[in-house]
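Read through the structure below, which is laid out as structure tokens, and then see the notes.
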């Protein structure tokens, strides 16, 4: 077999081979660009500016960080556990505010005063001086014939980030 090759056919074959090689090279270049090592080298001008590299973005970030969060409360309580749930693990004597308890009577047992307290669940407790009552860490300081004196201590962080202690003496007396 004798092949007769003309110049026109050779040129077409050369052009076809060059087209094939350029398409393979561009495909290889695209796959190399998408590797994680080369992703950092790509142009990210269309994306959001990085505050670590762009000085203008740093000033915008710094100004927004210095502003106070409008949804942050003025006072942050420190002694309350976050995510404590419904309080079912806390005994009823420590579950309710002091105002929801009722004094049923004052007893004197062996010279020591005891307060008979009824909680909102209708449970009755006989409490002495030093016992805890209420959901704000109240401690009974004094028991008299007219009622009891309870000291509630609250630990909180104020607006300026300083830890504060608020001590409040509350009188729980007989309801008429």
Q | Filtered residues of segment 120-158 (kept if out of contact with any strand residue (DSSP E or B) (no Cβ under 7 Å at 6 or more places or on another chain) and at negative phi) | A | 120, 121, 123, 135, 144
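Return yes or no: is residue 152 at pLDDT below 90 and within 30 Å of residue 69 (Cβ to Cβ)? Write out each step before concluding.
On the way: at pLDDT below 90: no; within 30 Å of residue 69 (Cβ to Cβ): yes.
Criteria not met by residue 152.
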Q: Filter segment 135-151 for residues that are touching a helix residue (DSSP H, G or I) at 6+ places or on another chain (Cβ under 7 Å) and within 13 Å of residue 171 (Cβ to Cβ) and give the result.
A: 138, 150
Q. Say we look at segment 104-132 and pick out the residues that are closer than 18 Å to residue 173 by Cβ and in contact with a helix residue (DSSP H, G or I) (Cβ under 6 Å, 6 or more places away or on another chain); which of these is surrounded by the most Cβ atoms within 10 Å (Cβ to Cβ)?
A. 119
Q.
Restricting to segment 133-148, and then to whatever is more than 30 Å from the chain's Cα centre (by Cα) and surrounded by 16 or more Cβ atoms within 10 Å (Cβ to Cβ), can you tell me which residue is nearest to residue 113 (Cα to Cα)?
A. 143
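The values are calculated or read from the model by the stated rules, or taken from the named source; none is laboratory data. Predicted, not measured: the structure shown is a model, and the values here were computed from it. Neighbour counts are summed over all protein chains in view; Cβ atoms, including those assigned to glycine, are modelled from backbone coordinates with ideal geometry.
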